[in-house]
Amino acid sequence: MARDVSDSTPIGSKDELISWIAAGEKPESSFRIGTEHEKFPFYRSDLAPVPYEGRAGAGGIRALLEGMQQRLGWEPIVDAGNIIGLAGPDGGGAISLEPGGQFELSGAPLATLHEMQSELAAHIADVKAVAAPHGIGFTALGASPLWTRAETPVMPKGRYKIMANYMPKVGTLGLDMMFRTCTVQVNLDFATEADMVRKLRVSLALQPLATALFASSPFLERKLNGFQSMRSEIWRDTDNDRSGMLAFAFDEGMSYEGYVDWALDVPMYFVKRGDTYHDVAGASFRDLLAGKLPQLPGECATMSDWANHLSTLFPEVRLKRFLEMRGADAGPPEMLAALPAFWVGLLYDRSALDAAWDLVKGWSAQERQALRDAVPKQGLAATIAGRQLSEIAAEVLELSRAGLARRANRNAAGQDESVLLAPLHEIVARRQNLAQRLEERFRSAWNGRVEPVMTELAV
């Protein structure tokens, strides 16, 4: 998230929190696609991580952001005098930093996947041009393959200091999540409350499938880590109060209010007033709503507090004024484009969405959770309801392909959006995801070395 929301409107009741989310409803003709992805910057000469201020003879993260500002003309986002991101004009995308320097593009809301692909290509061309004079490259993988946590730089962003202090209190891997993981996600719209619920349920049930298809993090600290998606495994012990599979979303009567009730009970991280982040980690939003927050006596909740609080919740699918698919490792450009294509085909076509619901509606909460727990290690070999995930993947991928074909959005070559699913078709046909291919390279061509992954998969 590039910039915390600023809206000082006071909140008078829970109904206003529900209405804030409901305001995201759109007619299908106005549905948009917003893709976000993160990548690790590194110095090409020695594969070292890139600190904020750089090192002798080479600029760092600050120089990258300043170079992108000059190249794009976007507005700088500043935290305590440090540039920490860029905001595009008229809500047209943003660039931001994750805690360990992961460089993130938050794409503009776009009508078609072809536009998304063009945006991605332009962004990669821009960052390569800006990074080249500093000898910096980028690799997009689910987890940092080389650097220890101590070797990983820390970005000067106020909210991250609060999070870093709190994480060890609620899980053992939260700092690894912050500093050593990268994801790709897509943000998608809903038309009504019922449409939101159907999409939330389908995408939660199938999020482990996305994890298996996009797994790209078999390495950590220069060796195999025993997982196909280390990023997904890290999330299993980060902060279970604010993450997971949201079993309540499948309860009868699920609604906006159901999500709001859950969110109100998730402990807060911070309250922002002006340019200051007040550390209230562990406090209750209900207390802030009532004006009884012990750390800030008399301070009452505002709409920006609510929006910022929702941005600190990390379930496998997150609800704000849109739905965020959060289960996938980052990967090379073709995978960064395939992730939004996969979900748009399933969720933006009614026939595909209905068929996907028919596929998953019989799965129990226990089965969904067991699949979520198994996938980081087993990938497509994991099973649910007596079926292997690789078999389900073929069925779901066909639903997505057909959904994209029915959208009938064609590029200059006359191809519809389903062309972006090509790398997923290959994975399903071979029953081998990127993590497994990387492990194969590690054991053969790379002679037991992890370092080649940085350059072979460099953006």
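For the range 310-342, enumerate the residues that are touching a strand residue (DSSP E or B) at 6+ places or on another chain (Cβ under 6 Å), within 13 Å of Ile427 (Cβ to Cβ) and either among the basic types (Lys, Arg) or not in a strand (DSSP E or B) (or both).
Leu339
Which residue pairs have Cβ atoms under 8 Å apart, sit 6 or more places apart or on different chains, and have a first residue in the range 263-285 that is charged (D, E, K, R) and a second that is loosely packed, with under 14 Cβ neighbours inside 10 Å and in a loop (DSSP other than H, G, I, E, B)?
Close Cβ pairs satisfying both conditions: Asp275/Ala80.
Pick out the one residue from Phe179, Phe138, Phe190 that is more than 23 Å from Arg242 (Cα to Cα) and crowded, with 21+ Cβ neighbours inside 10 Å.
Just a single option satisfies the conditions, and that option is Phe138.
Can you tell me which residues in the range 101-128 are of a type in the set (A, V, I, L, M, F, W, C), open to solvent by less than 30 Å² (accessible area, probe 1.4 Å) and touching a Pro at 6+ places or on another chain (Cβ under 8 Å)?
Phe103, Leu113, Met116, Leu120, Ile124
Have a look at Ser29, Ser19 and point out the one that is closer than 30 Å to Phe285 by Cα, open to solvent by 20 Å² or more (accessible area, probe 1.4 Å) and either basic (Lys, Arg) or free of Cβ contacts under 8 Å to residues at least 40 places away in the same chain (or both).
Matching residue, one of Ser29, Ser19: Ser19.
Taking the range 198-232 as the region of interest, how many residues are open to solvent by 10 Å² or more (accessible area, probe 1.4 Å) and under 15 Å from the mean Cα position of the chain (by Cα)?
Total meeting the criteria: 1.
Collect the residues in the range 370-401 that are open to solvent by less than 20 Å² (accessible area, probe 1.4 Å) and under 13 Å from Phe342 (Cβ atoms), keeping them in residue-number order.
Listed by number, the residues that qualify are Ala393, Val396, Leu397, Ser400.
Here's a check for you: in the range 348-360, which residue that is in contact (Cβ under 8 Å) with a residue 24 or more places away in the chain and over 20 Å from Ala422 (Cβ atoms) is surrounded by the fewest Cβ atoms within 10 Å (Cβ to Cβ)?
Result: Ser351.
Of all the residues that make up the range 51-78, how many are touching a His at 6+ places or on another chain (Cβ under 8 Å) and in a loop (DSSP other than H, G, I, E, B)?
The qualifying residues number 3.
So, of the residues in the range 81-105 that are part of a strand (DSSP E or B) and touching a His at 6+ places or on another chain (Cβ under 9 Å), which turns out to be nearest to Thr152 (Cα to Cα)?
Glu104
The values are calculated or read from the model by the stated rules, or taken from the named source; none is laboratory data. All figures in this text were calculated on a predicted structure; none of them were measured in a lab. So basically every Cβ, Gly included, is an ideal-geometry build from the backbone, and we count neighbours across all protein chains shown. Side chains are part of the model used for accessible areas, which takes the heavy atoms of the whole protein and leaves out ligands, DNA and RNA. Shrake-Rupley method; radii C 1.70, N 1.55, O 1.52, S 1.80 Å.
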